[in-house]
Amino acid sequence: MAGLNDPQPQAETRGLPRPSGQTWSKFWAVGRTYLLAAVVFAVLLSCIGYPLLQTVLLSFTRDGQPSLANYRDFFSLSRPVNLQALGNSLYLSVVTVVLCAAVGAALALFYHRYRFPGSQLFSTLVITPIVFPPLVSVVSYMWLFGEGGVVPGLIRDIFGLSKPPFGLSGFGGILLIHVYTQFIYFYLLVSAALARFDHSLEEAAYVLGASRWYTLRRVTVPLLLPAFVAASLIVFMVSMSSFAAPYMLGGRFRVLSMQIFVSKLNGDMDMAAAQAVILGMICILVVLALRAYEGRSQYTFAGKGLGIRAVPITRGSARHLAFLGGVLLSLVLMLPHIMLVIIALVPQGTWTWQTLPPVLAFDNFRFLFTRPDLWLPVRNSVLMAGIATVAGVIFALVASYLLTKGRFRGRGLLDALVMVPWALPGTIIAISMIIAFNRPLPTTFGKVLVGTVWMLPLAYFINFMPLIVRATSASLQQLDNSLIESALTLGASWFTVFRRVILPIVMPGVLSGALLMFVQAFGEFTMSILLYVVDNRPISIGILERMQFFELGEAAVLGVLQVVLMMIVLIITRRYLGARATQAFF
Amino acid sequence: MAHIQLIGLSKRFGPVTAVDRVSLEIHDGEFFTLLGPSGCGKTTTLRAIAGLETPDEGQIVVDGKDITYLPANRRRVGMVFQNYALFPHMNVFENVAFGLRARGEPAQEIAHRVRQSLALVRLDGFADRKPGQLSGGQQQRVALARALACRPEILLLDEPLSNLDAKLREETRTEIQRLQKESGITTVYVTHDQSEALALSDRIAVMNNGRLEQVGTPAEIYGKPATAFVARFIGQVNVLAGTVQAVEGSRVLVDLGVGRLWAERPRSDPPPVGKTVQVCIHPENLEPAGADSSNGLEAQVELVQFNGVTTLLRFRAGAVTLEAIVLSRSPAAGLRRGMSARLTVAPEHVLILDDAS
Ligand SMILES: Nc1ncnc2c1ncn2[C@@H]1O[C@H](COP(=O)(O)OP(=O)(O)OP(=O)(O)O)[C@@H](O)[C@H]1O
Ligand SMILES: [Mg+2]
């Protein structure tokens, strides 16, 4: 009868004396996570938080005195250069969004709705613009459509005109390049939404007596809307941050990101800071809107859609037409790549007055191995992107571990801080680094970083680290906690757990993230032009220099190198990440 | 092997108190079960023993040594996770060898011990398979072999059978019992299935809302539940409310509204006259038309359910429903719906429950 009505036959309730060293063990058991978090926060705050804070502070000073003069000048109606630039940026971004939405959604709908010979291949080829670094796509477009470009030249010849009918520049030129490089966001997001779309919902509406129009308005559009909103916000943000196209083609059409660059060139850092703050606020607001919207409309992503049924095109003539359309479209999308390769194959001085190049040869590629002004930028970029990537991998492993497995206060803050550089344009990151690191700091080992070769790798690290953190977090999320725990109970040290359990499982994600980060840093232009010094001219600056010397072939060779590298990376990461790889490219 | 003491153990997750001042003792070589409904804190307690959760208060003592804050990888504990947690990128051999390698055992010893462990769970010949190529039951046995290969002092099992189908569950549970008895390893087993707990354990701790309700042998937990919670959780028992009318020697008279029954006097202080109490009667102790007619109630048959060896009879007396289980070959099984009968029960089978909860 023992135990009856005796709910807790208590064991020894008096505590035992604690062994020595207990305080330390307890601290280690509880504080380990906080220790790691402290390190990660220290890195984030000194690399991102501090420079941004300095920028905000500087924007409220004029010649060292606290002042609102920068903002007064910015919004001044008597000298409205900045206001005009802001207006231009907003206008350009809105028009870009509208055009990208039209092109991207139309292509997504078309390729999802219809099946015809080659449609699978064509729909994959639509993503070719993403293997273009920003500067290279602008350069290719200039060769194609710019003043003295091939296409206007051909039109002149064909129609016997006295001069080329048009030349890409200014607002129109920027817009064309924006659409070419950014419609892809709409294409991908709308495609994904269509793939999830449950066709039976439309059928249900028909059965309930709804007309086609009513169903489109009340069922189809609301379900696809989140994709449009998300893509619009992203494209808007990318357009606001865009730098290469306005820099190369803008002329007198000034946008806000260019104004920051000009202020910096003029040595007016106070103004540059204020401009950066305003541009940064807009970008952050857009990202916040994106997050809020994604959180609110999650339900649309939850459904297990059956996908819109693809309709095979059966009528012969329509099939031919569709096929022809696919070929043409793919050609148009690949035209800049083709142009780039052709220019790379034109030996110096052989293509002068002709509309099309008379000689093609591999001379320029050979120079890559013989001329230091060609291979040095490549080496520099490999080195700097490599350093940034290695740092990124180490940082991402720790930060992602904390983000996905850690239990501590401030995880939300960490998540937000890590993503800040993703939201900010390169101009802002570069400007804030110039502002913060132009004096000795404890975090920079008492050195002035501005003017050293270290600014660029650091900038690459800051700007592209979110890519690898996201990729790593995604794969860590799939690593079940119990795997780590069972390894621990089996007596493995933390190092062993990391090496034998965590690393093998998250490797594909980390590797993909690292490759993506590397190619982005490799071809980076915006921060590069703001931060490079003679000793570390990266590949994008190399292209610019070759162009200035009219060595177009050499410039194109550097471009081809980047495009090929990006293609290889895209193929590898698609292996690991599947379709997500394409989205990770941004 | 190992003797475990939990002393005033508490663990909170934000506002939730997952484990609330739990104190218990697990003897050397014992098969000890933590039993309770979902979310009652079983897993958290187990994880604290493994070193995977750091308690907010209290101590964990093994063989007289405080190990509360000893890192998990320095405790000699084997754990089988609910989802088995086999490393997907390693084959069966590498999985089982993992702990031995981590401890730096010589290769020959590792090969020998892995073979031994796999033989123990009857999986010789599966060494080269990846976890993905094994059935659920086989994965479960690999997890067990992996935990045992390191010769731990304590074996922790978190609902190891819950992912298996009913038939495999029976088999595996016998297997686990055999392994435990052969190795004599102190084992803490977590389950929410009371039949599993009763069948396997030397002793059981029933948990509710982070607290211990009762600790005892399966027979005690089943036969003499201390609280209404335990009574209801362990089995299909009749729990009735009543008031104390008299206390005489070792007997207490309880008025149930539809009749009066003599009950066993609880070991703690007897309840005062007039107090409202709950009593528990196991259905197999209720005898329709029993021989001893002194202690019983009049009731009407509401339902007869034939279950093979036994037959379930449900009676109604006023607002009270009572269930009785009788052997199908006994005369009582011949009762039919609508008939009246006198249900009798020996006073020692009427248990007054603690009303703590
Ligand atoms: N990591 C955690 N963070 C927050 N709350 C937790 C965590 N782990 C457990 N809890 C909470 O603590 C309580 C006890 O959880 P525990 O996992 O110990 O229950 P359990 O008895 O094992 O339940 P089950 O049978 O469902 O496995 C639950 O309310 C649970 O939600
Ligand atoms: Mg559990």
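Observations, loosely collected:
- For residue B:160, the conditions (1) crowded, with 18+ Cβ neighbours inside 10 Å; (2) in contact with an Asp or Glu (Cβ under 9 Å, 6 or more places away or on another chain); (3) in contact (Cβ under 8 Å) with a residue 60 or more places away in the chain all hold with the exception of (2).
- Every residue from segment B:242-277 that is in a strand (DSSP E or B), open to solvent by 30 Å² or more (accessible area, probe 1.4 Å) and touching a residue at least 24 places away in the same chain (Cβ under 8 Å): B:243, B:245, B:247, B:251, B:262, B:276
- Among the residues listed as A:472, A:496, the single one being part of a helix (DSSP H, G or I), hydroxyl-bearing (Ser, Thr, Tyr) and in contact with a Lys or Arg (Cβ under 9 Å, 6 or more places away or on another chain): A:496
- Reported count of residues in segment B:72-88, each being without any contact (Cβ under 8 Å) to a residue 40 or more places away in the chain and either within 7 Å of chain A (Cβ to nearest Cβ) or of a type in the set (A, V, I, L, M) (or both), is 2.
- Among (1) open to solvent by less than 60 Å² (accessible area, probe 1.4 Å); (2) among the basic types (Lys, Arg); (3) in a loop (DSSP other than H, G, I, E, B), the one test that residue B:129 misses: (1)
- Test: residue in segment B:143-150 that is more than 13 Å from chain A (Cβ to nearest Cβ) and within 16 Å of ligand 2 (Cβ to nearest atom): no
- Wholly enclosed helices (runs of 4 or more DSSP H) of segment A:16-125 bearing at least 1 residues within 14 Å of another protein chain (Cβ to nearest Cβ) and open to solvent by 70 Å² or more (accessible area, probe 1.4 Å): A:22-44
- Matching residues, segment A:127-163, being open to solvent by 30 Å² or more (accessible area, probe 1.4 Å) and over 22 Å from residue A:555 (Cα atoms): A:154, A:155, A:156, A:157, A:158, A:159, A:160, A:161, A:162, A:163
- Counted residues, segment B:188-201 - those being away from ligand 1 (no atom under 13 Å from the Cβ) and within 14 Å of chain A (Cβ to nearest Cβ): 1
- The condition of being among the small types (Gly, Ala, Ser), within 14 Å of another protein chain (Cβ to nearest Cβ) and within 16 Å of ligand 2 (Cβ to nearest atom) holds for only one of B:216, B:223, B:210, that being B:210.
- Enumerated strands (runs of 3 or more DSSP E) restricted to segment B:2-46, each holding at least 1 residues that are more than 14 Å from the chain's Cα centre (by Cα) and within 12 Å of chain A (Cβ to nearest Cβ): B:4-13, B:16-26
- Residue among B:302, B:264 that alone is at pLDDT below 90 and either farther than 23 Å from residue B:334 by Cα or not assigned by TED's automatic domain parsing to the domain that holds residue B:225 (or both): B:264
- Every condition in (1) in contact with a strand residue (DSSP E or B) (Cβ under 7 Å, 6 or more places away or on another chain); (2) modelled with pLDDT of 90 or more; (3) surrounded by 17 or more Cβ atoms within 10 Å (Cβ to Cβ) is met by residue B:284 except one, and the failing one is (3).
- Of the residues making up segment B:20-43, those that are within 7 Å of ligand 1 (Cβ to nearest atom) and either buried (at least 18 other Cβ atoms within 10 Å of the Cβ) or among the aliphatic types (A, V, I, L, M) (or both) are B:36, B:40, B:41, B:42, B:43.
- Segment A:421-449: number of residues that are touching a helix residue (DSSP H, G or I) at 6+ places or on another chain (Cβ under 6 Å), within 25 Å of residue A:241 (Cα to Cα) and surrounded by fewer than 21 Cβ atoms within 10 Å (Cβ to Cβ): 2
- When B:19, B:77 are checked against the criterion of being over 22 Å from residue B:217 (Cβ atoms) and within 13 Å of ligand 2 (Cβ to nearest atom), B:19 stands alone in meeting it.
- Output for segment A:466-523, where each listed residue is of a type in the set (S, T, N, Q) and at the interface with chain B (Cβ under 9 Å from one of its Cβ atoms): A:481, A:482, A:486, A:489, A:493, A:496
- Residue in segment B:169-180 that is within 14 Å of chain A (Cβ to nearest Cβ) and either open to solvent by less than 30 Å² (accessible area, probe 1.4 Å) or touching a residue at least 24 places away in the same chain (Cβ under 8 Å) (or both) present: no
- Test for residue B:8: is it away from ligand 2 (no atom under 14 Å from the Cβ), of a type in the set (Gly, Ala, Ser), open to solvent by 20 Å² or more (accessible area, probe 1.4 Å) and assigned by TED's automatic domain parsing to the domain that holds residue B:161: yes
The values are calculated or read from the model by the stated rules, or taken from the named source; none is laboratory data. This one's a predicted model, so the numbers in the text were calculated from it and none came from an experiment. Every residue, glycine as well, gets a Cβ built from its backbone with ideal geometry; the counts of neighbours run over all protein chains shown. The area values use the complete protein model at the heavy-atom level, side chains included, leaving out ligands, DNA and RNA. Shrake-Rupley method; radii C 1.70, N 1.55, O 1.52, S 1.80 Å.
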